[in-house]
Structures are given as C-alpha cells and as structure tokens.
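J.: Can you read through this structure? Questions will come right after.
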Number of protein chains: 2
Amino acid sequence: MNQNSSATASLSRVTILIRVREGILDPQGQAVLQAFHDMGENDLFSVRIGKLIEIYVPQTDALKSRIESWCQELLSNPLVESYEIQGIEPVTHQPMSM
Amino acid sequence: MNQNSSATASLSRVTILIRVREGILDPQGQAVLQAFHDMGENDLFSVRIGKLIEIYVPQTDALKSRIESWCQELLSNPLVESYEIQGIEPVTHQPMSM
C-alpha cells in the first residue's frame, strides 16, 4: 500500500493530442505512408503522425486553464501544430515514475 | 474485390494511439516533465509521450484486421510499445496529400 503524501490527493490523467496542422508538411507521416506502399498497401491515402501526451497531475480547481496554457506554451508549436485536450480522468493507479 | 477508383469509395480516418509500455523508460516524457518543473509546475507526477497516428484509407470489409496487422508489424514496437485502435470514422473531407 502506497503511503506517501501524494496518495491522498486525487490524481488525474490528462490526455492531450497534438496534430500537425493541415497543409503543413509531415515528413514522419510521409515516411510511414511510403513504407505502407512498399509493403503493397497501395490504397492508403494519407498518414499523419502527431503526439499523444499523458500527464499525471493532482486534480485542482484551476487544472483546466493550467492545461490550456501548458498546451500553448510548452506542448505545441501553434504555428504548425494544433492541440486537443481529449480528457481529464481520475486515476487510482499511479504510473511508475520513470 | 478491390476496385481502384478510390474517389468513389467511402474514405475512413483510422485513429491509432501508440504508448510506451509502463515500466519502459520514456526519455521524451522525462524531458517534458523536467521542463514543467523548471517552469515552477512542481506538482506534475509524470509525463508520458506516445504517438497519435491518423490514417486515411478507403473503407473495406477487412479493414479492422488489416489495421491490427499494421499496428503489429509497422506502427508499434511490441517490445516497448502498446497500441490502441481508438476509432474508425467515415470522413467526407479529404486531407491534403502531403
């Protein structure tokens, strides 16, 4: 049983999706699309690769607005990327800290 | 039977999430966590960074099983990553092919 202090705060998992904006070149997606075509999967039209970011943080009142500023200031480059806060869910299981 | 006129076929967007398995080191997530701490955001417990993959492909009967094999063979490294097929949705808007 985990008895450290953070076990008493309610922990949330924040899920954020970062996408390369439409019209912006996505070299990683292009490379994967080429690999599909090389495998004979010729009907794929497009592949876009973005980021899945999961943050484990104690639930607080101002969390939603803090997440917005994190997305704008640290997690995405607004010039070429868009972000979507997909969910904020309570978690009971703490991830391993690594 | 694969008909090659993809303009008439119904296009789907397949959304796949790739996560670094729990217990496996995630240097990118650690770097972002450190950046948060440097910004004074000290209550964050953990940050994990995975991939968001969006594939645009014509809807076919065998699509679901094809996606499974794509995930296993090309999109994830099963030793250190897990995948989740989050959704297969019809799209009317075709992304720019770049």
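J.: Return the pair list, or none, for Cβ contacts closer than 9 Å from residues in the stretch A:41-54 that are farther than 19 Å from B:Ile49 by Cα and outside any strand (DSSP E or B) to residues that are open to solvent by 40 Å² or more (accessible area, probe 1.4 Å) and among the charged types (D, E, K, R), at least 6 apart or on different chains.
T.: Pairs found: A:Glu41/B:Arg66.
J.: On to the next question. Could you check, for the stretch B:56-79, whether at least one of its residues is part of a strand (DSSP E or B) and in contact with a Lys or Arg (Cβ under 9 Å, 6 or more places away or on another chain)? Let's see the steps before the verdict.
T.: Here is the first cut: in the stretch B:56-79, the ones part of a strand (DSSP E or B) are B:56-58.
Next cut, in contact with a Lys or Arg (Cβ under 9 Å, 6 or more places away or on another chain) only: B:56-57.
Yes, the stretch B:56-79 has at least one match.
J.: Would it be correct to say that B:Asp43 is within 8 Å of chain A (Cβ to nearest Cβ), under 30 Å from A:Ser10 (Cα atoms) and touching a Pro at 6+ places or on another chain (Cβ under 8 Å)?
T.: Yes: the conditions hold for B:Asp43.
J.: Which one of these is modelled with pLDDT under 95, open to solvent by less than 60 Å² (accessible area, probe 1.4 Å) and either of a type in the set (S, T, N, Q) or out of contact with any strand residue (DSSP E or B) (no Cβ under 9 Å at 6 or more places or on another chain) (or both): B:Thr8, B:Thr60, B:Thr15?
T.: On the way: B:Thr8 fails: open to solvent by less than 60 Å² (accessible area, probe 1.4 Å); B:Thr15 fails: modelled with pLDDT under 95.
Checking each option against the conditions leaves just B:Thr60.
J.: For the list (1) facing another protein chain (nearest Cβ under 9 Å); (2) without any contact (Cβ under 8 Å) to a residue 40 or more places away in the chain; (3) over 17 Å from the mean Cα position of the chain (by Cα); (4) open to solvent by less than 60 Å² (accessible area, probe 1.4 Å), I need the number of the one condition that B:Leu25 fails.
T.: Unmet condition: (4).
J.: Do we find that B:Arg13 is of a type in the set (D, E, K, R), touching a helix residue (DSSP H, G or I) at 6+ places or on another chain (Cβ under 8 Å) and touching a residue at least 12 places away in the same chain (Cβ under 8 Å) in this structure?
T.: No: the conditions fail for B:Arg13.
The values are calculated or read from the model by the stated rules, or taken from the named source; none is laboratory data. None of the values given here were measured: they were computed from a predicted structure. Neighbour counts are summed over all protein chains in view; Cβ atoms, including those assigned to glycine, are modelled from backbone coordinates with ideal geometry. In case anyone asks, the SASA skips ligands and DNA or RNA and just uses the protein heavy atoms, side chains included. Shrake-Rupley method; radii C 1.70, N 1.55, O 1.52, S 1.80 Å.
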